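Note sheet for the following structure.
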Protein chains: 2
Amino acid sequence: MRDLKPIAVKNVSLEKGLLSERMRVIREEVIPYQWRALNDEVPHAEPSHAMENLRIAAGEGEGVHRGFVFQDSDLAKWLEAVGYRLATHPDPELERTADEAIALLARAQEADGYLNSYYTIMKPDQRWTNLRDDHELYCAGHFIEAAVAYYEGTGKRELLDIVCRFVDLIDSVFGLEPGKLKGYPGHQEIELALVRLYSVTADKKHLNLAKFFIDQRGQEPHYFAEEAQKRGQKSPYWYTWGHEYNQSHLPVRQQTTAVGHSVRAMYMYSAMVDLAKAANDPGLLEASKTLWQNVVSKRMYITGGLGSQEFGEGFSADYDLPSDTAYTETCAAIGLVFWAHRLLQVEPRGEYGDVLEVALFNGVLSGISLDGQRFFYVNPLEVVPEIIARRKDHSHVRPTRQSWFGCACCPPNIARLVASIGRYMYSTEGDSLYVHLYGDSNATVEIAGTNLGIRQETEYPFAGQIKFTVTAEQTLDATFYLRIPGWCQGWSVRVNGELLTSPAIEDGYLELSRPWNHGDSVELSLEMPIERVRSNPLVRETMGKVALRRGPLVYCLEETDNGENLSALFLGGEDELMVDFDQDLGLPAIIGYAKRLASRTQDLYTTEEPEIETVQIKAIPYFAWDNRKPGEMLVWLGESF
Amino acid sequence: MRDLKPIAVKNVSLEKGLLSERMRVIREEVIPYQWRALNDEVPHAEPSHAMENLRIAAGEGEGVHRGFVFQDSDLAKWLEAVGYRLATHPDPELERTADEAIALLARAQEADGYLNSYYTIMKPDQRWTNLRDDHELYCAGHFIEAAVAYYEGTGKRELLDIVCRFVDLIDSVFGLEPGKLKGYPGHQEIELALVRLYSVTADKKHLNLAKFFIDQRGQEPHYFAEEAQKRGQKSPYWYTWGHEYNQSHLPVRQQTTAVGHSVRAMYMYSAMVDLAKAANDPGLLEASKTLWQNVVSKRMYITGGLGSQEFGEGFSADYDLPSDTAYTETCAAIGLVFWAHRLLQVEPRGEYGDVLEVALFNGVLSGISLDGQRFFYVNPLEVVPEIIARRKDHSHVRPTRQSWFGCACCPPNIARLVASIGRYMYSTEGDSLYVHLYGDSNATVEIAGTNLGIRQETEYPFAGQIKFTVTAEQTLDATFYLRIPGWCQGWSVRVNGELLTSPAIEDGYLELSRPWNHGDSVELSLEMPIERVRSNPLVRETMGKVALRRGPLVYCLEETDNGENLSALFLGGEDELMVDFDQDLGLPAIIGYAKRLASRTQDLYTTEEPEIETVQIKAIPYFAWDNRKPGEMLVWLGESF
């Protein structure tokens, strides 16, 4: 198994371009906004109660716990994002605020290390009695991730110490030894968090605990079934189809199809890769890759969105990808980025990077408005506001982004991913440097003990030209691997201005092996035409339809540009399309011609052929929809052939 | 307002052809089967408890009421069907059984006339406290319809007397007078039943009570809101969108859009026509016609199915007609037949007859298997069994017909419609005879006091040739109006063998005015080619798709004939289609060629154009699907243009 190391967040600086701008919004808008939300200071938004819960748990407030049982995790994800943000952009005031929140966590932690405001306040004597539903281990996992990020970003150990004490307690409760619980989380998260903790602590206990949770999952007799029996509870509604909901229907190594709650699935499949690598367990990696194949070849939206139905926020069947009732939770696309990124570190294949960038630039970034003030939880591929208003089976879809959610998992999840996006760009292994993701940036990478500066100049993902310039104190023999995206049909590369005529390609990565000197440049040119993408004809929903894509960006049509009834538009093979910069959005749009079908009669059904009118259309990047006038939105257009 | 009279059920005899065969199945299979079901004698079927409930209410059994609050109505609909069946095909044994059931009803009726086994057993002191949900008036309505049918079919008054006593009680409870309840039924039905009762009793009280219920509906202060408050109840789930659920959101005359539960809507819109005619109330007719326009031009499936969503078993939005999640309850299509038939009697326009036969031959007949032993409640236009199994928002759809339902409204509703189908064929008015529906039959009609025999020889709806032969004792000056179906683009007519060159057409009816003599013949020839029907492009679901129709029959493709993945089939303009008789089904099928799209890659998304293969296809009448091997079914095919 290969062992690539992602670059540290603090070693990448993005100063312009899309990712930089999204990071700025996270820094300047989202992180401060979320802090106010956690403190119930956002007018007109449902109160979070997160900080108040912890104060009550610490004995510094009175009352009951409010919000979801996993409300603590919102603070955890915020602290994780703050950790990344402080790594790249120090801010003493924000750091002080975060330190105070961490100090509150220390006070809310019970004497034996237990930390969970819901149980501390509401059910102090019932810890670990409902692993299936109550998210104690899930919240622990997020605190662990926050602790690692905060430690890496600031060097401060306080939160790390808190979570290590908590993990000691968890380790004393769970395990195969007599008297311990053989349970595992209802919502996976702590598994990958523990492997991450292990990367900082090198404490084998942390790795073994992750392994225990993964291996125990789905074993018979079924832990959740026995646990529910003890509580005397019937299964909840979302358990209609049984243990598939949280991927505990089978031992994880026997699972071959992505089922159930898609975010849980992503976190679990990610943890399987982490653990396979950390514990050198090729069988576990194979299991994760089998699931990967199922997801990307049969169950993934073109935007990288996952989860075809609202029920269980989950997967449905192979090739079942409805556009309008899609669930496609922002967190699931984020989880797909996590998973793809982990796979890249054990097997640097372009395919993983392709999916990573598709999910990031489409299904993840669609979750946040351009101004960073509104969020989508559900990211459909077709929206007709009046249908949403009148169809109960569309009621999970919102026609516009919302300012906050009662279940506010997505906004802080976007924040922590985008704030750490630098680490998704590069990996190193021995004398090799892998470039997975392009974006205007400066990075410092350590290759074979030598620091190298890498400047990327590019407008990616809006243009395909990327110029790398090397800063080095001395000549370094190294191999640069540049990912050639799967969408790219034509490309060229120049080193120090000289065109390479037959450069080597390995698993989707261009291989440049040479001694690198200060000032060396690599110019990668990726052709980025407008493409018409079709789904496999087995996808019922999009049969005979076409989506527009340019580079990694999927495009969509909005009513504000194209009028209502977008579904009456058809694209013919002869209809010309071109790129045109949209001044309002500050983004490249696609303009051109299409056909609009209209009825010749007032009848609902007719044998008359429809009237076909040629009209101008305009498509914008999917992630940028709903930043102007509300209305219809459509990704998949009719196609005449 | 016109005043056409439908022919009596007993005056039409259907001896061969589709309708005759469906009547035979109702007679020989469904009515006996339902009697066993009502008596809990069907193995493996959910018990109905209907007869047992009535025995308990009559003091002849012990225990609680079981089944739905409206369980009595299953017996009522059965008795109604038996009434029609005895009118056309006397059967002393069946009549004895029905008489015994009626005698039980007499014993279950309380001393003051009240008749409802649920309240008599469970809540004797709470009558009329939950009109919104508890169906007392609905069940009363079905008993009234049964009483009229049974009286007309057998001449026996027992059930009529029972319901008249019950109506006397209802009339003493409901009304505008001080001390009376100003309520109305949560599920409409009694309104049209009372007008029907009036047609037999000529008792103005019956008409006025119907008028009261219709006029009171939706008035403020809202009766159901006040009633719920008195009970201290919150609104049920299906009341999420308020009083639209049962069309009490507005006074009925102010309603312009079909909303809420589609069966309730149909029964109410029908009652509005009945009442408009019986009470000479043109405003009420206008209101019903406005709703008609909304339904048939924006909210009706090509099969005559109604109800686009499972939520509330109801309507959604204009042009929102999803094929796979359609609700399209069999009872709603039946209700549409009722409504169209009533409109025909006040305004003989072909449009109403067109919708009547589309609903009858497609959305209604699809509700019952060819052998009469299995039933659909929901009649979708696209079925993929594996999607139904994995998508919760498809869970109301069954991939195959079921033997019975806990909520068994549809099978007995089909029985009563099909058993009375004769009366939908002809109407008379003065010296005019209207022929609305074609089918091989012998009828006796009374025109201006003279009896006329009408023999129809035809294979309709499978062929467009219809030959009428008149039997008359004397010459009769009369006008025959023959409906020229809206789907028919070319036709001719011969009278006594002589082609008419420019016959008059009025509102979709061919007008033949002349002295009619014994032996006169009319040969109507309706061209019946295979047609490609398209929906208005505003229907998102079927944009760029095409359905096959021949005559009034909509066709569909089944997996057993065409392989799986039916949605990958496309019909091109040049693809030839022809009629071919299917020996297995005993029905004319459509065979021909289409394109099947296949992927050139294993990728879920590709820029490659799909592979296009020409394949043979076979379509069968929609009503006949799911009578062979289970599998996929599809009405709307892709269309290349």
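Here are the numbers for the structure shown:
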read-out: Residue pairs meeting the criteria (Cβ under 6 Å; at least 6 apart or on separate chains; first within 13 Å of B:I414 (Cβ to Cβ), in region B:15-43; second open to solvent by 70 Å² or more (accessible area, probe 1.4 Å)); value: none
read-out: Pairs with Cβ under 9 Å, 6+ apart, first in region B:180-200 and of a type in the set (A, V, I, L, M), second in a loop (DSSP other than H, G, I, E, B) and surrounded by 22 or more Cβ atoms within 10 Å (Cβ to Cβ); value: B:I190/B:Y184
read-out: Output for region A:37-60, where each listed residue is modelled with pLDDT under 95 and farther than 24 Å from A:P185 by Cβ; value: A:A37, A:D40, A:E41, A:V42, A:P43, A:H44, A:A45, A:E46, A:P47
read-out: Search result, residues across region A:582-611 that are open to solvent by 60 Å² or more (accessible area, probe 1.4 Å), more than 28 Å from B:E609 (Cα to Cα) and either touching a residue at least 12 places away in the same chain (Cβ under 8 Å) or assigned to a strand (DSSP E or B) (or both); value: A:D584
read-out: Residues satisfying the stated conditions in region B:604-641, i.e. modelled with pLDDT under 95 and more than 23 Å from A:G572 (Cα to Cα); value: none
read-out: Any chance A:D626 is more than 8 Å from chain B (Cβ to nearest Cβ), open to solvent by 40 Å² or more (accessible area, probe 1.4 Å) and out of contact with any Gly (no Cβ under 6 Å at 6 or more places or on another chain); value: no
read-out: A:R398 under 22 Å from A:A276 (Cα atoms), open to solvent by 10 Å² or more (accessible area, probe 1.4 Å) and away from chain B (no Cβ under 12 Å); value: no
read-out: Extreme residue, nearest to the other protein chains (Cβ to nearest Cβ), among residues of region B:561-574 that are crowded, with 18+ Cβ neighbours inside 10 Å and not hydrophobic (A, V, I, L, M, F, W, C); value: B:S567
read-out: Residue identified as closer than 22 Å to B:E145 by Cβ and open to solvent by 40 Å² or more (accessible area, probe 1.4 Å) among B:K5, B:K77; value: B:K5
read-out: Some residue of region B:119-127 being aliphatic (A, V, I, L, M), open to solvent by less than 20 Å² (accessible area, probe 1.4 Å) and out of contact with any strand residue (DSSP E or B) (no Cβ under 7 Å at 6 or more places or on another chain); value: no
read-out: Lone qualifier among A:F480, A:F462 - being among the hydrophobic types (A, V, I, L, M, F, W, C), more than 14 Å from chain B (Cβ to nearest Cβ), surrounded by 14 or more Cβ atoms within 10 Å (Cβ to Cβ) and over 29 Å from A:D3 (Cβ atoms); value: A:F462
read-out: Residues of region A:517-553 satisfying the condition of being in contact (Cβ under 8 Å) with a residue 60 or more places away in the chain, open to solvent by 10 Å² or more (accessible area, probe 1.4 Å), more than 12 Å from chain B (Cβ to nearest Cβ) and part of a strand (DSSP E or B); value: A:S525
read-out: Top-ranked residue of region A:489-516 - restricted to ones that are in contact (Cβ under 8 Å) with a residue 60 or more places away in the chain and farther than 19 Å from A:Q456 by Cα, ranked as surrounded by the fewest Cβ atoms within 10 Å (Cβ to Cβ); value: A:D507
read-out: Residue match in region A:268-291 (condition: within 14 Å of chain B (Cβ to nearest Cβ) and not in a loop (DSSP other than H, G, I, E, B)); value: no
read-out: Close pairs from region A:412-431: first under 24 Å from A:P32 (Cα atoms), partner in a helix (DSSP H, G or I) and among the hydroxyl-bearing types (S, T, Y), Cβ under 6 Å, at least 6 apart; value: A:A419/A:Y84; A:S420/A:Y84
read-out: Cβ pairs under 8 Å, 6+ apart, first in region A:627-641 and in contact (Cβ under 8 Å) with a residue 12 or more places away in the chain and at positive phi, second open to solvent by less than 20 Å² (accessible area, probe 1.4 Å) and in a strand (DSSP E or B); value: A:G631/A:E558
read-out: Among (1) farther than 24 Å from A:N280 by Cα; (2) under 29 Å from the mean Cα position of the chain (by Cα); (3) not small (G, A, S), the one test that A:Y198 misses; value: (1)
read-out: Complete set of residues in region B:369-394 that are open to solvent by 50 Å² or more (accessible area, probe 1.4 Å), at the interface with chain A (Cβ under 9 Å from one of its Cβ atoms) and in contact (Cβ under 8 Å) with a residue 60 or more places away in the chain; value: none
read-out: Test for B:A98: is it open to solvent by 30 Å² or more (accessible area, probe 1.4 Å) and either part of a helix (DSSP H, G or I) or assigned by TED's automatic domain parsing to the domain that holds B:R196 (or both); value: no
read-out: Failed condition for B:G242, given (1) crowded, with 17+ Cβ neighbours inside 10 Å; (2) free of Cβ contacts under 8 Å to residues at least 12 places away in the same chain; value: (1)
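Each row is one residue, and each column tells you yes or no for (1) surrounded by fewer than 24 Cβ atoms within 10 Å (Cβ to Cβ); (2) touching a strand residue (DSSP E or B) at 6+ places or on another chain (Cβ under 9 Å); (3) modelled with pLDDT of 95 or more.
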site: A:K234; (1), (2), (3): yes, no, no
site: A:Y237; (1), (2), (3): yes, no, no
site: A:L250; (1), (2), (3): yes, no, yes
site: A:Q254; (1), (2), (3): yes, no, yes
site: A:V259; (1), (2), (3): no, yes, yes
site: A:S262; (1), (2), (3): no, yes, yes
site: A:L275; (1), (2), (3): no, no, yes
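Residue-by-condition table, conditions (1) under 20 Å from the mean Cα position of the chain (by Cα); (2) polar (S, T, N, Q); (3) within 30 Å of A:A463 (Cα to Cα); (4) part of a loop (DSSP other than H, G, I, E, B):
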| position | (1), (2), (3), (4) |
| --- | --- |
| A:L19 | yes, no, yes, no |
| A:W35 | no, no, no, no |
| A:M51 | no, no, no, no |
| A:E80 | yes, no, no, no |
| A:Y84 | yes, no, yes, no |
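The values are calculated or read from the model by the stated rules, or taken from the named source; none is laboratory data. The structure displayed is predicted, hence computed values, not measured ones. Cβ sites come from the backbone with ideal geometry, for glycine too, and all protein chains shown count toward neighbours. Just the protein is used for accessible areas: all its heavy atoms, side chains included, with ligands, DNA and RNA removed. Shrake-Rupley method; radii C 1.70, N 1.55, O 1.52, S 1.80 Å.
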